[in-house]
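Peer 1: Sharing a structure with you now.
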Amino acid sequence: MGRTLNLLFEKEGLKSKAYKDYSKDSNGNKIFVGWRIGYGSDTITKADGTVVKVKEGMTITEEDALRDFNRRVKDDFLPQVLHGIGQQTWSKLNANSSP
């Protein structure tokens, strides 16, 4: 998972203040999709495990950002990957292909 995390951290970067995130609609128009913080998350995971939605004006520490990132990988991203490719395919991946 080290290489994957390093790539994500390098591309996303740590942002300690909430910032607006935009996407494009089907016509190519820029639309506001929400507030992001940390490593591109729309949530903050507190030390007690509480998850809060990012709002304008919020700030985050690197420790909180890493905690949120790790929670999202474990609870959101990996289950989606496993569901998409299946446990059997996942278990056949070697160290160079799995996170």
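The values are calculated or read from the model by the stated rules, or taken from the named source; none is laboratory data. Treat the numbers as computed from the prediction; the structure is a model and nothing was measured. Virtual Cβ from ideal backbone geometry, glycine too; neighbours counted across all protein chains shown. Heavy atoms of the whole protein, side chains included, go into the accessibility calculation; ligands, DNA and RNA do not. Shrake-Rupley method; radii C 1.70, N 1.55, O 1.52, S 1.80 Å.
Peer 1: If you scan segment 55-72, which residues turn out to be in contact with a Leu (Cβ under 8 Å, 6 or more places away or on another chain) and over 12 Å from GLY40 (Cα atoms)?
Peer 2: Selection gives GLU62 alone.
Peer 1: So, in segment 7-57, exactly how many residues are of a type outside the set (A, V, I, L, M, F, W, C), open to solvent by 70 Å² or more (accessible area, probe 1.4 Å), farther than 20 Å from PHE77 by Cα and in a strand (DSSP E or B)?
Peer 2: Residues meeting the conditions: 6.
Peer 1: Do you know which of the residues in segment 58-72 that are outside any helix (DSSP H, G or I) and not polar (S, T, N, Q) is least open to solvent (accessible area, probe 1.4 Å)? Walk me through how you get there before you give the answer.
Peer 2: Filtering segment 58-72 for residues outside any helix (DSSP H, G or I) gives 58-61.
Next, only the ones that are not polar (S, T, N, Q) stay: 58, 60.
Numbers: MET58: 54, ILE60: 17 Å².
The selected residue is ILE60.
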